[in-house]
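In what follows, a structure is listed as structure tokens, so that the remarks can point back to it.
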Amino acid sequence: MRRLTLVIALFLSCSSIVIAQSSRDTLLANYSTYKRALSFAGLLQTRYTYSMTKNVDVNGKNYPDTMRGVTNSFSLKRVRFQVKAQINDHFDAAILVNFADFSNSNVANRVLENAFIRYSLNSHFHIIAGQYRPFFGIEDAIPVDIIKSLDYSNQYTAFGNSGWQSFQIGLCIYGDITGSEAKIPLRYYAGVHNGNNRNQPTDNDNTKHTYVRLEGDVAKNVTIGVNGGLGSTQNENGSAWGGDVRSKIKFNSKWTVELTGEYKEGSNFAAFNSFATAPKPNVDQFKMRGFYVFPNIRYEYKRPRVRAIELSARYEYFDDSYKFNSNPRQTIIPMLAMEFADNYFACLQVGMYIDVFKNDVPNTTQYSHNAAVAQLQIRF
């Protein structure tokens, strides 16, 4: 792991030297404010959740008959504010905060989401440094306000908790390999990050999470990606890998069908760290895996006040510990969305969570249940 980290660091250092040399002929010009710009954006998602299963609250946790749980609630799911600064044609930066996380008991390491600096030489070479979402699957590249479902997948949350995805602190390079005009356009992503999640003052050990991702447009409107990574926790090593596919079929000016699917498996460091019973199994026993398929049908209504209607139904199978205490979870999220302003700037989503566990565990969130959800979002 340490050798791989040093190799990536050496590669980035050499790349910086090459960039400096290739730019020596432009030193006479002043690009300090070339294309400089500042932009602001925001997202507000309000949600109503109603539990349809007896003795299960709005968070999906089972409670005994002797207690009275909260089975319906209004909530602020996300209150995001983003600042983007274009310094010149090569440098930009972004900061993203989610004020809804102030309601969380662990506010200190949640509110700040993105905080990174990016250098872009050309389409083949970009560097990001700071806190960002590593490119370790489809969902890392999709903003939450246009994910076309009520939330990210269960696997995305679990892999994020173990440092593979979601917001992490580190460094990555990415870009085109062949260019967009090639027969099969290819792109690469490679990075290294602490792996102990966001807003942490330092790493919690001397090793890092590293990853590589390759994706290509193998056919018109069909993209396939593969990724793999190495990581560690408490001086225990682990790995993760996965593959995904995206396709989009436009039948005519009104109807479009999109299909995404993804499979991943890897070390569940979060479960390993939280296991308190002695003797503690080896980290190799804490493995998670799962897949999902997500079809989405879109109808371009194009009325002045209703721009589009979408119907989707994501199916997911996920087991957060298939070697030790296995309890697979199946989730179906049927959803209807109405778009009142183009590009999801105003959207109403109505859907259901249908969760089915192989074994229901009383007084926990590993309990089969259904919930109805209505969500209104505004982007600005």
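The values are calculated or read from the model by the stated rules, or taken from the named source; none is laboratory data. The shown structure was predicted, so the numbers you read here are calculated from the model rather than taken from an experiment. Using ideal geometry, Cβ is built from the backbone for each residue, glycine included, and neighbour counts are taken over all protein chains shown.
Restricting attention to region 271-320, the residues that are of a type outside the set (D, E, K, R), in contact (Cβ under 8 Å) with a residue 24 or more places away in the chain and under 20 Å from Asp151 (Cβ atoms) total 13. Scanning region 301-324 for residues that are buried (at least 16 other Cβ atoms within 10 Å of the Cβ) and not in a strand (DSSP E or B) yields a total of 4. In the set (1) of a type outside the set (A, V, I, L, M); (2) out of contact with any Cys (no Cβ under 7 Å at 6 or more places or on another chain); (3) touching a residue at least 40 places away in the same chain (Cβ under 8 Å); (4) more than 20 Å from Asn98 (Cβ to Cβ), the condition left unmet by Phe167 is number (4).
Is it true that some residue in region 324-341 is at pLDDT below 95 and not hydroxyl-bearing (Ser, Thr, Tyr)? Yes, because at least one residue in region 324-341 is at pLDDT below 95 and not hydroxyl-bearing (Ser, Thr, Tyr). Scanning region 12-69 for residues that are modelled with pLDDT under 95 and β-branched (Val, Ile, Thr) yields Ile17, Val18, Ile19, Thr26, Thr33, Thr66. Among the numbered conditions (1) under 30 Å from Ile297 (Cα atoms); (2) modelled with pLDDT of 95 or more, the only one that Ala219 does not meet is (2). Considering the conditions (1) at positive phi; (2) surrounded by fewer than 20 Cβ atoms within 10 Å (Cβ to Cβ), Gly137 is excluded by exactly one of them, (2).
Do we have any residue at all in region 159-177 that's surrounded by fewer than 21 Cβ atoms within 10 Å (Cβ to Cβ), over 15 Å from the mean Cα position of the chain (by Cα) and over 19 Å from Phe116 (Cβ atoms)? Scanning region 159-177 turns up at least one residue that is surrounded by fewer than 21 Cβ atoms within 10 Å (Cβ to Cβ), over 15 Å from the mean Cα position of the chain (by Cα) and over 19 Å from Phe116 (Cβ atoms). The requirement of being surrounded by 15 or more Cβ atoms within 10 Å (Cβ to Cβ) and of a type in the set (Ser, Thr, Tyr) is fulfilled somewhere in region 265-286, by at least one residue. Kindly provide the set of residues from region 83-134 that are small (Gly, Ala, Ser), outside any strand (DSSP E or B) and surrounded by 15 or more Cβ atoms within 10 Å (Cβ to Cβ), ordered by number. Residue satisfying the conditions is Ala100 alone.
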